[in-house]
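To keep things clear, I will list the structure first and then write my remarks on it.
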Amino acid sequence: MGMRLSALLIVLSGFVLSGCVTVSVGPIPATPMSEPSRAVSAGKGFGLIPDHNGQIVTVDADTDLIRLVLDDGWAWKVDVDPAFLQLQQYGPLQGQGFTAQFWLYKLVRNGETKLSATGTPSCRSASAPCADPNRVYSVTIRTR
């Protein structure tokens, strides 16, 4: 019993001595985020077509997806700012009587960005290449 009492006194004296330590508690500073969160409607999209060339298109701030559809028969090189648009999928698009190429982008940030594409005619890669000029496509996407 005497040993238990000694151990208890040692523990209690440790608590008493540690009571002299001052502890201050303050708010935890928020970690700065690189991008503010953005409310989106899952699957809400906007479709860009050849007729939008040279235009400024305005989309809702909660838009999730941007779909670009361009004419088939061209080798398209599409340029976007990855801080605004991230490629999700691309490939041929076939419907009732038409064939086109499509790119599906996730809109990751609000603001204004430019999407541009350059199309090289498929006949340039033929055995007798054509001299047809490239096509240029450009759209400014703005969120409201």
Exception for Gly73 within (1) modelled with pLDDT of 55 or more; (2) of a type outside the set (Phe, Trp, Tyr); (3) more than 30 Å from Ala126 (Cβ to Cβ); (4) out of contact with any Lys or Arg (no Cβ under 8 Å at 6 or more places or on another chain) falls at (3)
Looking at the structure I just gave you, is Gln88 closer than 21 Å to Ala39 by Cα and either out of contact with any strand residue (DSSP E or B) (no Cβ under 8 Å at 6 or more places or on another chain) or modelled with pLDDT of 95 or more (or both)?
yes
Residue pairs within 6 Å by beta carbon, gap of at least six or interchain, first lying in the stretch 43-61 and modelled with pLDDT of 95 or more, second surrounded by fewer than 13 Cβ atoms within 10 Å (Cβ to Cβ) and assigned to a loop (DSSP other than H, G, I, E, B), listed first then second, are Thr58/Arg144
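The values are calculated or read from the model by the stated rules, or taken from the named source; none is laboratory data. Keep in mind the model is a prediction, meaning the values are calculated, not measured. We place every Cβ from the backbone using ideal geometry, glycine too, and count neighbours over all the protein chains shown.
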